[in-house]
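> Structure below; questions to follow.
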Amino acid sequence: MSGAAIEPALRPALYPEAMPPHPTEHPNWPRLIPDAEQPWQTLEQVELSGPPRRLVRDTVRLHGGQQGEYVYRPRGPRAVFVLPITPAGEAVMIREYRYPLRAFITEMVAGGVEEAENLGNAAARELLEEVGGVAAEWLALPGFYPQPSISGVVFYPFLAFGVALQAAHNEESELIERLVLPLPDVYRQLEAGEILDGPSSLVLFHARRELEARGLL
């Protein structure tokens, strides 16, 4: 989950089979927007770091009238998460090196959504780029705010079924190992606290009901 490896204008021509034919949207997605009324007032904003990971410092007047500062990532950036399921009922996860942690961790397929990019297309693109997957069916899961105290980023997860695997298209900066695991093993790791990536854990939580309904768990 870093930047995109291929120019957006070229993606439809390169990966037409990867685009989901019927992108779905979860009912909670339209609610992931700012409230109409705001109890805090922005007095001044200073940009500390520009895109793609914009960071700002706001001077704000709080609800009690006092003044303070808040450093955060503002709304705008979006990311997709994908739990791919093969026709054999296996989960496709990744093990990726994360420099801030100085460690490899097990995660879900994920990546940033480009400006004006359709969420379903972004999910299909990340699935193909990170693990070489092409899905036959897509199902949207509840979206969420991963770090609401310091970030306005919104995550949009999907379940991808009938995923056929081919060669991945990882970026040069990425260290990613593809993991194809029995679904019960993935949930055993989740319950044992072995999946340390928070968003991936939450996506697995939301996916469980559908996987059980389909007899995959």
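The values are calculated or read from the model by the stated rules, or taken from the named source; none is laboratory data. No experiment lies behind these values; they were computed from the predicted model shown. Positions of Cβ are generated from backbone atoms using ideal geometry, with glycine treated the same way; all protein chains shown enter the neighbour counts.
> Please work out if residue 123 is at positive phi and out of contact with any Asp or Glu (no Cβ under 7 Å at 6 or more places or on another chain).
The answer is no for residue 123.
> Can you work out which of the residues in the stretch 71-114 that are in a loop (DSSP other than H, G, I, E, B) and in contact with a helix residue (DSSP H, G or I) (Cβ under 9 Å, 6 or more places away or on another chain) is nearest to residue 153 (Cα to Cα)?
The qualifying residue nearest to residue 153 (Cα to Cα) is 113.
> Restricting the stretch 1-31 to residues that are under 30 Å from residue 164 (Cβ atoms) and among the charged types (D, E, K, R), which is modelled with the lowest pLDDT?
7
> Among the residues of the stretch 76-110, how many are at positive phi and within 15 Å of the chain's Cα centre (by Cα)?
1
> Among the residues of the stretch 187-217, which ones are in a helix (DSSP H, G or I), charged (D, E, K, R) and under 22 Å from residue 87 (Cα atoms)?
Listed by number, the residues that qualify are 188, 208, 209, 210, 212.
> Among the residues of the stretch 58-88, count how many are surrounded by 14 or more Cβ atoms within 10 Å (Cβ to Cβ) and without any contact (Cβ under 8 Å) to a residue 40 or more places away in the chain.
Count: 5.
> Looking only at the stretch 140-160, decide whether some residue is surrounded by fewer than 14 Cβ atoms within 10 Å (Cβ to Cβ) and farther than 26 Å from residue 73 by Cα.
There is no residue in the stretch 140-160 that is surrounded by fewer than 14 Cβ atoms within 10 Å (Cβ to Cβ) and farther than 26 Å from residue 73 by Cα.
> Just one of the numbered conditions (1) farther than 21 Å from residue 95 by Cα; (2) part of a loop (DSSP other than H, G, I, E, B) is not true of residue 167; which one?
(1)
> Right, another one. What number of residues in the stretch 136-159 are under 13 Å from the mean Cα position of the chain (by Cα) and part of a strand (DSSP E or B)?
Of the residues in that region, 8 qualify.
> All but one of (1) touching a His at 6+ places or on another chain (Cβ under 9 Å); (2) over 23 Å from residue 198 (Cα atoms) hold for residue 129; which doesn't?
(2)
> Looking only at the stretch 161-193, filter to residues that are surrounded by 19 or more Cβ atoms within 10 Å (Cβ to Cβ) and in contact with an Asp or Glu (Cβ under 6 Å, 6 or more places away or on another chain); which one of those is modelled with the lowest pLDDT?
Step by step, filter the stretch 161-193, then rank; the result is 176.
> Take residue 34 and decide whether it is within 27 Å of the chain's Cα centre (by Cα) and either at pLDDT below 95 or assigned by TED's automatic domain parsing to the domain that holds residue 94 (or both).
Criteria not met by residue 34.
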